[in-house]
Structures are given as C-alpha cells and as structure tokens.
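What follows draws every value from the coordinates through simple rules; no lab data is involved. Just so we're clear, the structure is a prediction, and the values are computed from it rather than from any experiment. Counting neighbours? That spans all protein chains shown, and the Cβs are built from the backbone with ideal geometry, glycine included.
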Amino acid sequence: MPENSTIFTADTVFPVSAPAVPDGAVLAREGRIAAVGTLADLRREDPAAEVREFPGCVISPGAVNTHAHLGFRRKDRPEGGTFAGWLGRLIEKLPEKEAWTAEAARDSAQEAVEAGTTFMAESSPYAECLPQLAESGMAGAVYAEFFPGDFDGAAPEEIVESIAERVKGLGEGLPERVAARVSVHSPYTVDPESSRFAAHRTREMGWRLAIHLSESPEEVEFVRDGTGGLADIFGKNEWGGWGVSPVRYAEEIELLAPQTIAAHLATGVSDDDIEILSRTGVAAAHCPRSNDFLGCEVSRVPEMMRHGVRVGMGTDGLWSSPSMNLFEETLFAVNLHGFDGATGLRIATLEGARALGVEHETGSLEAGKWADLAVIEARSGRQDPEREALESAAGGGVVATVAGGNLIYNRA
Ligand SMILES: [Zn+2]
C-alpha cells in the first residue's frame, strides 16, 4: 500500500477544470493528487487511505495569489486617496518598519493561509519576506525588489549581476516548492537600463519576473511627461518623460514577455496597450481593492481576457488592501466586472496558476498536480454554488487549507 494516502471529502468538490462532483473527494498521495471522484469511488481505489470528512463544506483548489506583499501591518496603514500621497507617507514610515517587518510577514502569511491560499507570488525589497513565506506552508516565490539608488552609482549591468547572484544564493536550502526570484519594482524606481538587464538576466536563468505596471495616474504622467507626484518624490530620477504609456515603455525596454507578471495594469491602459499585452504574452495580476484605495482606475480585465491575456488575482499588501484573503479580493472583482461565480473561482485558482506559469502543478484538482486545496463552509440553497463558495470564503468561511497534501490550517 502506498504511504501517506489521505482522502479529503466534502459535500461538493469543485475541480475547476472539470464539472463539480457531489459527495466528492480528493485522494492525496505523497503530496500529489492521485484521483478526484466520489467518496465511494476513492474509498474503493484506496481502502487504506485515511479519510478526512468535512460535512457542510465544499472543496476548491487552493487560492493562487499572483501579487502580494507580506511585510506590512494593517494597523499603521497610510491613508489612501492618491497614489503619490500614499507612497510619500509609506516612504516616511520605512525607517521604523524594519523593527517589525518579520512579524508583519508572519501574520500576513498566516492570514493568507487561513483564507485558503496555497500559492503566493510575494514581492519585497531584496526578498526580505522569503523566510516567512518559506515557513508558512504555502508554495510560491518571493520576488526580490532592488533599487539601483542603493548601489552607490554602480553600472546597471553590475547592479543586476549583484541582485541575480544574491537571489541565486537565497534559493539554496529552500523548501521544494518555494523559490527566490527578481522583481523590477516599477518604472519610477528602476531605471530603463537596469530594467532591461534584469529582464535579460532573468530570462537567461529561466526565471519569472515580477513588475508593477500602469498602476496609477501619477505613474502614467511620470512615464509620459516626467512630471507630477512621482517626479516630486523621485526628483533625482532622470528617465521620466518617455512620451509614451507605461505599457509601451515597458515593451520598449523589453520587460514584457510570457515570463513576466505585471501587477495592476489599472490606469491609462489603452486599446493599443491591450494589443501590446496580448502580443507579448505578459500576464496580469489584478488587485482591484488596492486600486480602489489608491485612486487608480478600474483595470480593463474583461477586455484583456477577451484578448487572451492571462489574468490572476492579487491582494497586494495590508498598506493598500484590507486583507490578505484572495477569495475576498476575487469577490470584489466578481462584483466589479459582473463575472459569474464559476469565472470568479477560476480566476482565483487556475487562471492565477496560468498567469504564473504553474498550471501544471497547481490551480485545479486534477490527478498529478499537487494536492493544494481549500475547504470552505457551504451556505445553502443558492443558484450559483461557486459564488456561494466565494462569498463564504471571503467572509471567513475557510475551515481548512491543504498544501502539497499537508493540512497547513485546520480550524477544528
Ligand atoms: Zn504591489
């Protein structure tokens, strides 16, 4: 008999890549999904498996958070309103932040786990939140943001080589499903040449690259004209004013590719920009609650999806977003764009995995993938059962989270 077999069973299983299974179950073996079916079928298939029953619940794939920051505390979130105003206050608070970043990262990660998250793409300065993601039980990657101003006037190529070496070192000794990667933070903090070198270097390594792009009105103005709130903050930057949109700028400096995940794409995204996103194959991380809080526009997600752009959901961090609950973020998007529940559940899980290029490993309940799942209290009698599951999970209804076959959270 195979070791470590567990059957997780509930009233309904939503595989997402296949129709819902009433009285459904997932058989996990050695961390992977061995089969999905009815409880009766799976008991026959593996009579020795331990059975964990969750009556009154549904099982969905674990949430995939495609853009998060772990190192912020909810209690000292700066005021929202405008992006540049918020960023200015954030920068003022940075000196005091060091004292509690690790604690904030642990708490944010735990909040995500308790909300059914099993995979996370986290971005933090020099990957400072990597230990906390690695300890959380979630799978994923921490993207090391680097700021060329910290490198004492070094040439862009040296800066990028230094960060790539550092990230390679961080990758040693991590859990099997956790990685360290590189992020080009944004068009207003990383100069074009460093950005271009980073894009080349990461592709050469076979790494994914995380960026923030076309987030705020201030960013659009900075990239186009070199003026506005971000020019006031980053006055020493010499590269604003390219005369184009952030998306076109990112294409010109070769940041956009299928390996790149671009967070936000919220403000100033034109039809031409959507064509660029589609043509370059870049994926999008949609963070609508953060955009709402920071005076950014509504991302044109439905149009992007119609043009074949891969879109996943991201919570951003607790200084711009009310929670680390990816299902709650998704419910906000469902209401914003008029999606049905099935589309919402798919964006929260399988589409997020596609955006991050890990759809063969996670994001749906299929034999061969990792056993990553969320167990959610079901509320009864509605017409759209996936929406019901999202509403429950958004409101604290996750009762258990399983990553790689391990129960990393169990309310009972
Ligand atoms: Zn972000």
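Laid out as a table, the results:
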item: Estimated 222 nm signal from helices in the chain, with DSSP H stretches of n ≥ 4 weighted -39500 (n - 2.57), rounded to 500; result: -10500 deg cm²/dmol
item: Dipole in debye (nearest 20) - the chain, about Cα centre, beta carbon charges: Lys, Arg +1; Asp, Glu -1; result: 760
item: Environment charge of Glu275, counting only residues whose C-beta is closer than 11 Å and scoring Lys/Arg +1, Asp/Glu -1; result: -3
item: Amide H contacts under 5 Å for Thr260, placed H, 5+ residues apart; result: Leu209, Ala283
item: Mean-position separation - Cα centroids, the range 195-266 and the range 332-379, in angstrom; result: 28
item: Residues whose placed amide H lies under 5 Å from that of Val311, excluding near-sequence neighbours; result: Ala284
item: Additional length obtainable on full extension of the chain from Glu193 to Asp384, 0.36 nm per residue less Cα span; result: 63.9 nm
item: Under the Karplus curve 6.51 cos²θ - 1.76 cosθ + 1.60, θ = phi - 60°, whole-Hz ³J(HN,Hα) for the range 309-318, x wherever Gly or Pro sits; result: 6, 6, 10, x, 9, x, 8, 6, x, 6
item: Pairwise centroid distance, computed over Cα atoms, of the range 1-57 with the range 96-139, Å; result: 29
item: For the range 63-324, the spread of Cα positions along each principal axis, largest first, Å; result: 44, 39, 37
item: Unit charges on C-beta of K, R, D, E only; dipole of the range 178-256, Debye; result: 420
item: Theoretical gain in end-to-end length, Ser17 to Glu53 [0.36 nm per residue, Cα-Cα removed]; result: 10.7 nm
item: Relative packing of 11-23, 138-150, which averages over residues the other C-beta atoms within 10 Å, highest first; result: 138-150, 11-23
item: Phi to ³J(HN,Hα) by Karplus 6.51 cos²θ - 1.76 cosθ + 1.60 over the range 200-215, Hz, x for Gly, Pro; result: 5, 5, 5, 5, 4, 7, x, 9, 6, 10, 9, 9, 9, 8, 6, 7
item: Förster radius 41 Å - calculated FRET efficiency between Leu407 and Arg279 (Cβ-Cβ, nearest 0.05); result: 0.45
item: Additional length obtainable on full extension of the chain from Glu98 to Phe151, 0.36 nm per residue less Cα span; result: 17.1 nm
item: Value of Rg/Rh across the range 149-235 [Cα atoms, Kirkwood radius]; result: 1.03
item: Within a Gaussian network of the chain (alpha carbon springs, distance under 10 Å), most fluctuating of Met324, Met304, Met313; result: Met304
item: Distance-filtered residues of the range 204-227 - backbone nitrogen under 17 Å, label point 7 angstrom along Asp272 Cα→Cβ; result: 214, 220-226
